[in-house]
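*Asks:* This is the structure I have questions about; it appears just below.
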Amino acid sequence: MKHIFGHKNPDTDSICSAIAYADFLNKQNIDAKAFALGSLNKETQFVLEYFGIEAPEQIDKLPAGTEVILVDHNEEKQSIDKIKDLDIVEIIDHHNLKIETNKPISVLFKPVGSTCTIIAEEKYFKNNVELTKPIAGILLSALISDTLFFHSPTTTDIDKVVAEKLSKIAEVENLEEFSLKLFNAKSDLGDISVEKLIKLDYKTYDFKDGTYSIGVMETTNAKFGLDKKEDILIKLKELKESEDLSGIFFTIIDILNEESYTFTSGDTEDALFTKLFSAVEKNNALYVDKLISRKKQIVPVFEKM
Ligand SMILES: [Mn+2]
């Protein structure tokens, strides 16, 4: 059986693309199943409940040689531990191509807003494979989530066309209203611990001058994160040490106002971020207007430095 999974600290796109692609393969009589590399965030839980789909089983390791399909990621550091010992047979993704494999495999990469866009368009629609309401619903949710309801600069025309088609099948009549429900679920963090807050959507990258982690908190309630500044700074310093990183950046992204506030693990990182993104001090954080996409706006700048 092929094991399908997205990245660690899974977001809605990682979970829903794995579930949908397993559904697609099962319809071709291919034995495949979706898994999660970590617990589901509130938004993903909301989406699965809303469309009546069971959450995938969580795993953190697999026996050597297991056939796996990676969705929504292809960086070793973001995948399951000892990924090199597994048999990667296919990758579907919308991030930079990073991985090296030791044999030819199927890859499907598109520069679109979500992995779910690729699965809907290139798998279901192009092959005329029937899409059920729940699967269309989760594909649509992930597309809206990853593109921040088309506000993110990662959004393409394809995303908008695919979302339109999916919303009809999913019977979501008012997309804007639905996206607000999603973002409110995402922003409802209750009494979350500071470490969990930092790790909500946290990815590690090997840049030329070191290994860095970048956590983002996409929210309609930036104040929730800003108010925890002191604790966040302490935790960032601790994590930098314990994870042996060159630095950590934690960016609070205000989805509705299209702006962001960043905290870092130290003065050097503060200076670096300020220089790279022309950040200014606002609400006691490093403020950058219109900086809302880690993938398209933040990571590329670090890769060039
Ligand atoms: Mn994605």
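*Asks:* Among all residue pairs at least 6 apart or on different chains, which show Cβ distances below 8 Å where the first residue, located in region 281-296, is at positive phi and the second is more than 14 Å from the ligand (Cβ to nearest atom) and part of a loop (DSSP other than H, G, I, E, B)?
*Replies:* That search, which allows pairs on different chains as well, returns LYS290/GLU258.
*Asks:* Of the residues ASP81, ASP93, which single one is open to solvent by 10 Å² or more (accessible area, probe 1.4 Å) and of a type outside the set (Gly, Ala, Ser)?
*Replies:* The unique qualifying residue is ASP81.
*Asks:* Does PHE263 satisfy the condition of being surrounded by fewer than 18 Cβ atoms within 10 Å (Cβ to Cβ), more than 16 Å from the ligand (Cβ to nearest atom) and closer than 28 Å to THR44 by Cα?
*Replies:* It is false that PHE263 is surrounded by fewer than 18 Cβ atoms within 10 Å (Cβ to Cβ), more than 16 Å from the ligand (Cβ to nearest atom) and closer than 28 Å to THR44 by Cα.
*Asks:* Filter region 266-288 down to the residues that are over 17 Å from PRO300 (Cα atoms), surrounded by 13 or more Cβ atoms within 10 Å (Cβ to Cβ) and among the acidic types (Asp, Glu) and list them by number.
*Replies:* ASP270
*Asks:* Contact list please: Cβ distance under 7 Å, first residue in region 10-21 and under 15 Å from LYS203 (Cβ atoms) and within 11 Å of the ligand (Cβ to nearest atom), second residue open to solvent by 10 Å² or more (accessible area, probe 1.4 Å) and of a type outside the set (Lys, Arg), pairs at least six apart or on different chains.
*Replies:* PRO10/LEU37; PRO10/GLY38; PRO10/LEU40; ASP11/ASN41; ASP11/ASP201; ASP13/ASP146
To keep it simple, each residue is scored yes or no on (1) in contact with a His (Cβ under 6 Å, 6 or more places away or on another chain); (2) buried (at least 16 other Cβ atoms within 10 Å of the Cβ); (3) free of Cβ contacts under 8 Å to residues at least 40 places away in the same chain.
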position: ASP31; (1), (2), (3): no, no, yes
position: GLY38; (1), (2), (3): no, yes, yes
position: PHE51; (1), (2), (3): no, yes, no
position: GLU76; (1), (2), (3): no, yes, yes
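*Asks:* For THR132, work out the one condition from (1) open to solvent by less than 40 Å² (accessible area, probe 1.4 Å); (2) hydroxyl-bearing (Ser, Thr, Tyr); (3) over 24 Å from TYR287 (Cα atoms) it doesn't fulfil.
*Replies:* The number of the failed condition is (1).
*Asks:* Another question, if that's okay. Just give me the residues in region 135-160 being of a type outside the set (Phe, Trp, Tyr), open to solvent by 40 Å² or more (accessible area, probe 1.4 Å) and closer than 17 Å to LEU256 by Cα, in sequence order.
*Replies:* Once the filter is applied, which keeps residues that are of a type outside the set (Phe, Trp, Tyr), open to solvent by 40 Å² or more (accessible area, probe 1.4 Å) and closer than 17 Å to LEU256 by Cα, region 135-160 yields HIS151, PRO153.
*Asks:* Suppose we filter region 193-219 for residues that are assigned to a helix (DSSP H, G or I) and either open to solvent by 20 Å² or more (accessible area, probe 1.4 Å) or within 20 Å of GLU76 (Cα to Cα) (or both); how many remain?
*Replies:* Selection size over region 193-219: 4.
*Asks:* If the requirement is being more than 14 Å from the ligand (Cβ to nearest atom), touching a strand residue (DSSP E or B) at 6+ places or on another chain (Cβ under 6 Å) and at pLDDT 95 or above, which of these qualifies: LEU48, LEU25?
*Replies:* Matching residue, one of LEU48, LEU25: LEU25.
*Asks:* Suppose we filter LYS181, LYS168, LYS199 for residues that are away from the ligand (no atom under 16 Å from the Cβ) and without any contact (Cβ under 8 Å) to a residue 60 or more places away in the chain; which single one remains?
*Replies:* None of the others qualify; the one that does is LYS168.
*Asks:* If you don't mind, there's one more thing I want to ask. Can you list the helices (runs of 4 or more DSSP H) found entirely within region 220-304 that contain at least 3 residues being under 25 Å from HIS95 (Cβ atoms)?
*Replies:* Ranges flagged: 229-242, 267-277, 299-304.
The values are calculated or read from the model by the stated rules, or taken from the named source; none is laboratory data. Since the model is a prediction, treat every value here as computed from it, not as a measurement. Positions of Cβ are backbone-derived with ideal geometry, glycine not excepted, and every protein chain shown enters the neighbour counts. Ligands, DNA and RNA are excluded from the accessible area calculation, which covers all protein heavy atoms including side chains. Shrake-Rupley method; radii C 1.70, N 1.55, O 1.52, S 1.80 Å.
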